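Right, one structure below, let's go through it.
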Amino acid sequence: MLEGLDPYTTYIPESERESYEAMTTGRYGGIGALIQKRDEYVQITEVYKTFPAHKAGLLIGDIITEINGITVKRKTSEDVSNKLKGSPGTHIEITIMRPDKEEKIKKEITRQEVRLNSVSYYGVLNNQSGYISLDNFTEGAHKDFKEAFEKLKTDHDISSLVVDLRGNPGGLMKEAIMITNFFVKRGSTIVSTKGKVEQWNNTYKAEKKPVDTEIPVVIIVDDRSASASEIIAGAFQDLDRGIVIGQRTFGKGLVQTTRPLSYNAQLKITTARYYTPSGRCIQAYDFTRSGSTGRLENIPDSLISKFTTLNGREVYDGGGIIPDIKVEKETLSRIAATLYLNNLIFDFATQFTSENEPPVSPSDFSVSQEIYTQFTDFLENKEFEYTSESQEKLEKLIEATRKENYYKISQNELKSLQEKLAHDKVKDLEIFREQIKKLIKNEITGRYYFRSGKRESSLQNDANIELALELLEDNYYYNSILCPDKPKD
């Protein structure tokens, strides 16, 4: 019945309620690890620092073979995850296989409440600019953010701030409102909602005393920044409180509300659209139009409207937040994507970290030519295949020439082009070396220094970070974007 509405309106049976609550609150009872299916077993892909899995010595790359003496061979990731979860204080025995060990290892673990900090990393990018990476908007995200911001101000006396919302899928709207409230004047409109039922029409303003309304701010977004992330980016942009850079955001401008049903089930239903302070709705897809066609449809250009920010800058609705300054998103080469998706970089990192001591800090580690040679040697007996985008397009061209009877007269030229475009793995490993090295570096750093280390490592040679610092270090440049018509000193 719900499929005829929108993808965000869903039925949550009692069996899935715990998982749903974990998504919104960020809390669950378990061991503090992520897993994924790998051949006949599941493998640990992330271990959360200070939680039971970490304390027990479980490592990324470990393969789980038994839980409480019962094999989990051929079990799904969901099945194993459910067995690992449980009430805090309860015990569980996990048997693992470790790639560098011949014998199986048993671990006795006591479950506890797992709650991940919404801020995966914060630090100082240079001597004066603070940086906060906000991963989600689960319950308490505003407290995590405020704590990070106040520590940056107290411990490092920062004079500017970069807020990274890349890959942040959103979460609780109230958390986004409270975080925005830290930086805007009391009484400022942050977001409003409008629905078919009048009770869902609300305007949310900054009701509490702000923390800092003067510090220059740059918000970084990408095409995976959605929902609550777009509330923050839209408010900062419309109120001219900071500069938004990156790529156009996802475009989810719909609000969901949960309703209790019988048998402990819930209905999560879309009740309204949200609007930025200037009046924009950033919803990218018109589900009312797609209902008749059976496919998603973008808002047509004829329905896109112009709005203005507090300082009179022009902004538009119709699909996500368009950054004040766009930064091209780095696209992975086919060989880099293949190595990553086939877990070859993952497996190399597992081997490397089992043989090497950790560096002093994430910033001290780099993938030297020696390490990269170790990686290419590691690949020698590994099977992986890929097709370049150029090859795919050439195949379509050849198919078209056959249909239109042009193939015979262009056969020689097409074969010559095929030979030139035919990829050579050894050659591609050299051409895309720097890109692959970056993936290796992030994977290895994450093993040694967990989520925060992986994020810190990824910031080096980041075009968005470089632009953010350029903006924050040049007051004239920064102000010329927020106040384009105002005379500069």
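Here are the numbers for this structure:
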item	result
Estimated inter-spin distance, Asp212 and Glu395, nm [label 7 Å along Cα→Cβ]	5.3 nm
Amide H within-cut-off set for Ile35, under 5 Å, with H built and near neighbours excluded	Thr45
Fewest-first ranking of Val191, Val211, using other Cβ atoms within 10 Å as the exposure measure	Val211, Val191
Full-stretch length increase - Thr50, Leu421 - with 0.36 nm per residue and alpha-carbon distance subtracted	128.6 nm
Viscosity 0.890 mPa s, 25 °C: Kirkwood-radius Stokes-Einstein D of segment 119-326 over Cα pairs, µm²/s	139 µm²/s
Cut-off 11 Å between beta-carbons: net charge of the residues surrounding Gly32, Lys and Arg +1, Asp and Glu -1	+3
Exposure proxy order (Cβ contacts within 10 Å, fewest to most) of Ile92, Ile177, Ile321	Ile92, Ile177, Ile321
Taking segment 148-246 and dividing mean pair separation by its residue count, relative contact order in percent (alpha carbons under 8 Å, at least six apart)	36 percent
Per DSSP, loop trypsin sites (Lys or Arg not before Pro) in segment 346-430 with at most 16 further Cβ within 10 Å	Lys382
Gln374 paired with Ser19, simple spin-label distance in nm, labels 7 Å along Cα-to-beta-carbon	3.8 nm
Lys37 paired with Tyr340, simple spin-label distance in nm, labels 7 Å along Cα-to-beta-carbon	2.2 nm
Spatial extent of segment 43-190: Rg and Dmax, with the Cα atoms as the point set, Å	20.1, 64
Using distinct alpha-carbon pairs, which all enter the 1/r mean, Kirkwood radius of segment 27-115 in Å	12.7 Å
For the chain, Kirkwood radius (reciprocal of mean inverse C-alpha pair distance, Å)	25.5 Å
Contact order normalised by residue count of the chain, Cα under 8 Å, 6+ apart, percent	12 percent
Reachable lysines, given that their alpha-carbon falls under 18 Å from the alpha-carbon of Lys408 and they are not under 8 places away in the same chain	Lys396
Excluding exposed DSSP-loop GluC sites (Glu not before Pro) (at most 13 other C-beta within 10 Å), longest clean stretch of the chain	215-327
Helix-only mean residue ellipticity at 222 nm for the chain, each DSSP H run of n ≥ 4 adding -39500 (n - 2.57), per residue, nearest 500	-11000 deg cm²/dmol
Cα centroid separation, segment 203-235 to segment 337-407 (Å)	37 Å
Contour excess over end-to-end distance, with Cα ends at Asn381 and Ser262 and 0.36 nm allotted per residue	37.2 nm
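Taken together, the values in this text are just the output of simple stated rules run on the coordinates, not laboratory data. Not measured: the values here are computed from a predicted model. Heads up, the Cβs are rebuilt from the backbone with ideal geometry, glycines too, and the neighbour counts pull from every protein chain shown.
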